[in-house]
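Here the structure comes first, spelled out in structure tokens, and everything after it is commentary.
The values are calculated or read from the model by the stated rules, or taken from the named source; none is laboratory data. What you see is a predicted model; the values in this text were computed from it and never measured. Glycine gets a Cβ as well: all are built from the backbone with ideal geometry, and neighbour counts include every protein chain shown. We work out accessible area using only protein heavy atoms, side chains counted, and drop any ligands, DNA or RNA first. Shrake-Rupley method; radii C 1.70, N 1.55, O 1.52, S 1.80 Å.
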Amino acid sequence: IVWLKDIMPAVPPPLPEQINSNETAHAKLYFGYKLAPRRERFLAWFINIVVLSIPLFVFYGDSWLEQNSFSVKSIFWDCVSSAAYGALCYSFWSGTIGHKILGMKVISALDGTPQNNAYSGALREVLKSLLSLLLLPVIWFLWDDKRQNIYDKITKTIVVKFQ
């Protein structure tokens, strides 16, 4: 029976997704990834606004800034551009350019699979655009345990660090 001591570890390994006693809830791993920090998610959102604004400024100059941002026409084109942006970016990086620059990606909250298809990217970005008109659903991640916004909850996704 002495030979079992050499084979079996004295302490069993931790269960998957278990929090060690010296870790906080924020350091909990989701499918092997840490949740993206709130400030980095906010910075990624800002980067995306800049990236989406550049073509508008190039094509329309500063006249696009003077347009009523709550008109049906502007909301429609915002959704169309967000859908195209999401479909393109998610196909390559499982997230937006802001996510890529900051070392983040979007994964399924159910099984951890990367959200790297055009449909999920377009849907998530359109929901983000529409819900940003209400503000609260877009800043929900500031107090949510999994740092999810309402559009994350609807699409069953979480944003994680991959670096």
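Would you rank Asp152, Asp145 by solvent-accessible area, highest first, keeping every protein chain in place and using a 1.4 Å probe?
Order by accessible area, largest first: Asp145, Asp152.
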Listed residues Arg124, Arg147 arranged by accessible area, highest first, probe 1.4 Å
Arg147, Arg124
Going residue by residue through region 143-155, the Karplus relation 6.51 cos²θ - 1.76 cosθ + 1.60 with θ = phi - 60° gives ³J(HN,Hα) values, rounded to whole Hz and with x marking Gly or Pro, of 10, 7, 4, 9, 6, 9, 8, 4, 5, 5, 5, 5, 8
Reported to the nearest 10 Å², Ile97 has, with a 1.4 Å probe, an accessible area equal to 50
What figure in square angstrom, to the nearest 10, would you give for the accessible area of Ile101 with a 1.4 Å probe?
110
Give the accessible area for Ser120 in Å² (nearest 10); use a 1.4 Å probe, count only protein heavy atoms, and leave out ligands, DNA and RNA.
20
Karplus-derived 3J(HN,Hα) from phi for region 100-108 (6.51 cos²θ - 1.76 cosθ + 1.60, θ = phi - 60°), whole Hz, x at Gly and Pro, runs 4, 4, 9, x, 10, 8, 9, 10, 5
For Tyr119, Tyr33, what's the largest-to-smallest order of accessible area, 1.4 Å probe?
Tyr119, Tyr33
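Only four residue types carry charge here, +1 at the Cβ of Lys and Arg and -1 at the Cβ of Asp and Glu. Report the dipole size of region 35-163 about the Cα centre in Debye, rounded to the nearest 20.
380
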Residue-wise, which Karplus ³J(HN,Hα) couplings in Hz belong to region 76-82, taking 6.51 cos²θ - 1.76 cosθ + 1.60, θ = phi - 60°, and x for glycine or proline?
4, 5, 5, 5, 5, 5, 5
Report, in listed order, any pair from Lys28/Lys100; Lys28/Lys128; Lys73/Lys156; Lys73/Lys100; Lys105/Lys153 with a Cα-Cα distance greater than 20 Å.
Lys28/Lys100; Lys28/Lys128; Lys73/Lys156; Lys73/Lys100
With every protein chain kept in place and a 1.4 Å probe, region 87-163 has an accessible area per residue in Å² of 48
